[in-house]
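Quick note: the coordinates plus some simple rules give every number you see, no bench work behind them. None of the values given here were measured: they were computed from a predicted structure. Positions of Cβ are generated from backbone atoms using ideal geometry, with glycine treated the same way; all protein chains shown enter the neighbour counts.
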Amino acid sequence: MSTGALNGRRILLIVGGGIAAYKALELVRLIRKAGGEVRAILTAGGAAFVTPLSLAALTGHPVREGLFAPDDETAMGHIELSRWADLVVVAPATAGLIAKAANGMADDLASTTLLATDKPVLMAPAMNVRMWLHPAVAANVARLDGFDGGTGFHWVGPDEGEMACGEFGPGRMAQPAAILDAAETLLSGAADQPLRGRRALVTAGPTFEAVDPVRGLTNRSSGKQGYAIAGALAALGAEVTLVSGPVALTAPPGVTRVAVESALQMQAAVQAALPADIAVLTAAVADWRVDAVASGKIKKAPDGPPTLRLIENPDILAGLSAAGPDRPALVVGFAAETENLIENARAKLSRKGCDWIVANDVSDDVFGAEGNAVTLIERSGGEEAWPRQSKAAVARALAVRIADHFKAPA
C-alpha cells in the first residue's frame, strides 16, 4: 500500500472481541499513513483486549462504545457513523458479529451500525478453527454473501496457521497490511467497474505432484502475481473464480477461491469454472508427474536413489485456448523464462493458441518478490514492455487492458 492511497477516504473500524483485536491498532496506523481517516467502535469484547485510550490516540477521535451514550445518541450517533464512512471494516469479525449481521440483530452499537449502513462492509474474520468451520458460521457467511442490494459484505481472510489456543487451521485474522490492501481495492473499484457482468477465471501458484505421502515435485511460484490479478479484475467488477495451487496467501475480496494441489485437480477445477469471458492463467503448472505415486514413504536403499518414471501433465492453457463452445473470449497466458524472453514467449503464444501472453524474466528476484517487469504480447502482433513495478501495479495495468479490450468495438 503506497502512502496517500486512501487520501480523503473515511474508514469506520469496528473492533470485535478476540485476541486478534490488538492487530486493529496497527491497522489504524496503516490506514492513516495511507491518508485515510479512521473512527472506531469498540465492542465490549474488544475492550477486554485493547483500551479505548489506545484507539483514540491512534485515530485522533473519541472511541464509541455504547449504543445508549446520551451525548452520542441525541443525534442518532449510530446512524451518523454509518453514513459518515466510505467503508466499514470489522476487524476482528467474530462469530458473534457475523451472526448478528447475518440475522439482522441490533442489540449493541456495532451490530446496529452494521444494520444501518448502506456502505460496503469488509469483514476480517478471527476465531477458533472449529468455530470457523462450524456449519452455523458457514451458513451465516453464505447468508451475508447472498444479500441483494447495497454494496454488500466482503471478506479478507481468515488466514491459516496456529491459533492462540494452540490449534492449527483457518481462523487467524488477516494481517493488517492485507486488510489495508483489501480496503483500497474495494474503494478504488467502487466508482468504475467496466467489467461488471463479466466472468473471469484466474489460475495462480504452483502445483504439487506427489511422489509418495511426504515428497513431491513442485516449483517456486508464490502465487502473488495471480492473486493480485484476481483482485484487480474483481475491483473492476468481474465475477472472479481463482483456482489456486498451494500458497500461503489470502483470497482477495470479492474473489471465489478453489484450492487445488495437482495439475489434474487444477484442470478439473478450470473446467468446472467455465463458462467464462476472461481467463488469465498465471499458475506454474508442473510439466510432469510420476506415473505411480508410492503408497508409503520411499526409503533410502543401499543401491542408491529410486528411479522415477515421469509422464506429462495435461496442458491446461492449450486445452482452454482450443476452439470450442466454452472457450473464453480472451485467454491470457504467462511465460516465465530465464533466457530469450521475447522469442520464447512468442513461440509459446503460437504453440498454446492463446490471445495474449505475459512474458516475464524469472532468472533473478521474481519468485516470491513484490515486484515484476513484464512484456505483454498479443497474437495480433502488439507488444508492450512494462517497467519493473509492484505486482499489484502490474495486475491493475493488465486488468485495465482487459477492460479496454472488451470496450473496443468488435
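Quick check: is even one residue across region 306-321 of a type in the set (Lys, Arg) and touching a residue at least 60 places away in the same chain (Cβ under 8 Å)? No, there is no match, as no residue in region 306-321 is of a type in the set (Lys, Arg) and touching a residue at least 60 places away in the same chain (Cβ under 8 Å). If we keep just the residues of region 304-328 that are under 29 Å from Lys391 (Cα atoms) and out of contact with any strand residue (DSSP E or B) (no Cβ under 7 Å at 6 or more places or on another chain), which is surrounded by the fewest Cβ atoms within 10 Å (Cβ to Cβ)? Across region 304-328, the extreme among qualifying residues is Ala322. Applying the selection to region 29-48, what residues are of a type in the set (A, V, I, L, M, F, W, C), crowded, with 23+ Cβ neighbours inside 10 Å and under 15 Å from Arg64 (Cα atoms)? If the condition is that a residue be of a type in the set (A, V, I, L, M, F, W, C), crowded, with 23+ Cβ neighbours inside 10 Å and under 15 Å from Arg64 (Cα atoms), then Val38, Ala40, Ile41, Leu42 are the ones that fit. Only strands (runs of 3 or more DSSP E) whose full extent lies in region 98-180 are considered here, and the ones with at least 1 residues that are in contact (Cβ under 8 Å) with a residue 60 or more places away in the chain and farther than 18 Å from Val88 by Cα are 159-162, 168-172. Scanning region 237-250 for residues that are surrounded by fewer than 22 Cβ atoms within 10 Å (Cβ to Cβ) and either in a loop (DSSP other than H, G, I, E, B) or of a type in the set (A, V, I, L, M) (or both) yields Gly237, Pro246, Val247, Ala248, Leu249.
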